[in-house]
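J.: Have a look at this one.
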Amino acid sequence: MNILILGSGQLARMMALAGYPLGLRVAAVDVNARNVVDPITKLVSEKSLNQALKDADAISVEFEHIPQDLLEQVNATGKLMPSMEAIMAGADRVKEKKLLSGLNIANCPYKIITDANHLDESIAELGEQLIIKASRDGYDGYGQWRLSSAAQLSELKLQLSELDLQKVPLVVEKMLHFERELSLVGVRSASGDIAYYPLAENLHHQGQLHVSVAPAPHVNDALNQQAQDIFNKLAEKLGYIGVLAVEFFQMGEQLLVNEIAPRVHNSGHWSMQGADTCQFENHLRAISGLPLGATKVLTPTAMINIIGCDDFSRDVLSIPGCHLHLYGKTVRSKRKMGHFNLCANTYAELGKALQQFAQHVPIEHFPLLKDEALRLAAM
Ligand code: ATP
Ligand code: MG
């Protein structure tokens, strides 16, 4: 079976690696150059995009920011999974907010503005502490601005004056003081079967995911049920096929949806070692019409992103349960270069393994590790 993935980064690469043993051939599309590439070697194929679209049995995406004309061209093949509607809801924060409101799913209080001067009204309604997000093309905290007091407003307006807000409106959100960030990664098949991974707890630094721990500690049945109910509402409304990730803020016992990602997700990478079937394989199974794989957890796992560095001793691999996944990219500041999955039998052992881990890596690039190691070690 031939699978075609729009986007040729690490997510396409990890899908290709997961597809190999199943006999699924995964090719990728560089959506800017509009050519077909091997997602592992990055070699450009001689095959044209049109031919690849014809040859594909199923087509999916590794990220949501696909140029509209290409998305429409692909959608016309009838082979796109998840649907164009789902991909666009993930790509456009205005559409995403409408989807959430329409389904009565709790999310962060917000305003949509098309003129930076309307920020004054946003402050009146939402308070002085705001996070302002471009409605399209943001990721890893890019395309976001933070306001911590009204005194910074004129400076912020100046920065925003360079943008065409009629074309790309802003979503202004109240800065929430949540207890923690969680995400639910789940998968739905064409026949409506659903399998969920357990909630993961996600630790961010400067708007970017650094560490995920799965299963998230201290999750009761009610919280779990809340997350799965939200997932079901979204997946059913969108007629979803494939892996869908939902990011949450936990406020007391309530989950507010931060955003959705219509694809495999960084907070699901732990499943490569920590679960019976990883998210990449399950996404491929769903879009290929294969039965979904079990999402049973094997061990508590910490996923640690390698961001903006590639220079560390491979001795770190001597820690039992430590696995490295590099994406083959050249290093740049804030760039995700790869990740580690660190597995242990209990949270306390995971904490101890993380403490050991922290001694092997350039700690300035892993700012959250030491505290997280201490927290887990105390469990
Ligand atoms: P990613 O691609 O990594 O998911 P993103 O660029 O799509 O990120 P968001 O997920 O919206 O952007 O925001 C990134 C992070 O910024 C969140 O995970 C959270 O830590 C913080 N953040 C976002 N919105 C809010 C908010 N309303 N209040 C407080 N923190 C927020
Ligand atoms: Mg996010």
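J.: Looking at I131, I113, which is the one that is of a type in the set (A, V, I, L, M, F, W, C), more than 16 Å from ligand 2 (Cβ to nearest atom) and surrounded by 17 or more Cβ atoms within 10 Å (Cβ to Cβ)?
T.: It is I113.
J.: Return yes or no: is L244 of a type outside the set (D, E, K, R), crowded, with 21+ Cβ neighbours inside 10 Å, within 16 Å of ligand 2 (Cβ to nearest atom) and outside any strand (DSSP E or B)?
T.: Judged against the criteria, L244 is not a match.
Every residue, every condition in (1) away from ligand 2 (no atom under 13 Å from the Cβ); (2) of a type outside the set (G, A, S); (3) over 21 Å from G9 (Cβ atoms), yes or no:
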{"site": "A235", "(1), (2), (3)": "yes, no, yes"}
{"site": "L238", "(1), (2), (3)": "yes, yes, yes"}
{"site": "M251", "(1), (2), (3)": "yes, yes, yes"}
{"site": "L255", "(1), (2), (3)": "yes, yes, yes"}
{"site": "A261", "(1), (2), (3)": "no, no, no"}
{"site": "N266", "(1), (2), (3)": "no, yes, no"}
{"site": "Q279", "(1), (2), (3)": "yes, yes, no"}
{"site": "G289", "(1), (2), (3)": "yes, no, yes"}
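J.: If I filter segment 109-125 for residues that are under 30 Å from L53 (Cα atoms), free of Cβ contacts under 8 Å to residues at least 24 places away in the same chain and either of a type in the set (D, E, K, R) or outside the structural domain of I307 (by TED's automatic domain parsing) (or both), do I get at least one hit?
T.: For segment 109-125, residues under 30 Å from L53 (Cα atoms), free of Cβ contacts under 8 Å to residues at least 24 places away in the same chain and either of a type in the set (D, E, K, R) or outside the structural domain of I307 (by TED's automatic domain parsing) (or both): absent.
J.: Hey, any hits in segment 199-215 for a residue that's of a type in the set (S, T, Y), more than 12 Å from ligand 1 (Cβ to nearest atom) and modelled with pLDDT of 95 or more?
T.: Scanning segment 199-215, I find no residue that is of a type in the set (S, T, Y), more than 12 Å from ligand 1 (Cβ to nearest atom) and modelled with pLDDT of 95 or more, so the answer is no.
J.: Out of curiosity, is L326 more than 19 Å from the chain's Cα centre (by Cα) and either under 19 Å from L203 (Cα atoms) or in the same structural domain as N266 (by TED's automatic domain parsing) (or both)?
T.: no
J.: Please go through segment 10-25 and give me each residue that is closer than 15 Å to V36 by Cβ and surrounded by fewer than 23 Cβ atoms within 10 Å (Cβ to Cβ), ordered by number.
T.: R25
J.: Moving on to the next point. If D193 satisfies every condition in (1) more than 16 Å from ligand 1 (Cβ to nearest atom); (2) charged (D, E, K, R); (3) out of contact with any Pro (no Cβ under 9 Å at 6 or more places or on another chain) but one, which is the exception?
T.: (3)
J.: Restricting to segment 220-233, what's the tally of residues that are surrounded by 16 or more Cβ atoms within 10 Å (Cβ to Cβ) and either hydrophobic (A, V, I, L, M, F, W, C) or in contact with a Cys (Cβ under 6 Å, 6 or more places away or on another chain) (or both)?
T.: 4
J.: Ok, one more. When you check S183 against the structure, is it more than 16 Å from ligand 1 (Cβ to nearest atom) and touching a residue at least 24 places away in the same chain (Cβ under 8 Å), yes or no?
T.: Spelling it out, it is not the case that S183 is more than 16 Å from ligand 1 (Cβ to nearest atom) and touching a residue at least 24 places away in the same chain (Cβ under 8 Å).
J.: Another question, if that's okay. Out of all the residues in segment 165-172, is one or more at pLDDT 95 or above, surrounded by fewer than 20 Cβ atoms within 10 Å (Cβ to Cβ) and out of contact with any Ser or Thr (no Cβ under 7 Å at 6 or more places or on another chain)?
T.: No, there is no match, as no residue in segment 165-172 is at pLDDT 95 or above, surrounded by fewer than 20 Cβ atoms within 10 Å (Cβ to Cβ) and out of contact with any Ser or Thr (no Cβ under 7 Å at 6 or more places or on another chain).
J.: Is it the case, given these coordinates, that Y142 is within 11 Å of ligand 1 (Cβ to nearest atom), surrounded by 17 or more Cβ atoms within 10 Å (Cβ to Cβ) and within 30 Å of N266 (Cα to Cα)?
T.: no
J.: Would you confirm, using the coordinates I've provided, whether L199 is touching a helix residue (DSSP H, G or I) at 6+ places or on another chain (Cβ under 7 Å), among the aliphatic types (A, V, I, L, M), within 30 Å of Q228 (Cβ to Cβ) and touching a residue at least 24 places away in the same chain (Cβ under 8 Å)?
T.: Against the criterion (touching a helix residue (DSSP H, G or I) at 6+ places or on another chain (Cβ under 7 Å), among the aliphatic types (A, V, I, L, M), within 30 Å of Q228 (Cβ to Cβ) and touching a residue at least 24 places away in the same chain (Cβ under 8 Å)), L199 qualifies.
J.: Among the residues in segment 151-166, are any within 15 Å of ligand 2 (Cβ to nearest atom), aliphatic (A, V, I, L, M) and either closer than 22 Å to A91 by Cβ or in contact (Cβ under 8 Å) with a residue 12 or more places away in the chain (or both)?
T.: Checked segment 151-166: no residue is within 15 Å of ligand 2 (Cβ to nearest atom), aliphatic (A, V, I, L, M) and either closer than 22 Å to A91 by Cβ or in contact (Cβ under 8 Å) with a residue 12 or more places away in the chain (or both).
The values are calculated or read from the model by the stated rules, or taken from the named source; none is laboratory data. Quick caveat: nothing in here was measured; it's all calculated off a predicted structure. So basically every Cβ, Gly included, is an ideal-geometry build from the backbone, and we count neighbours across all protein chains shown.
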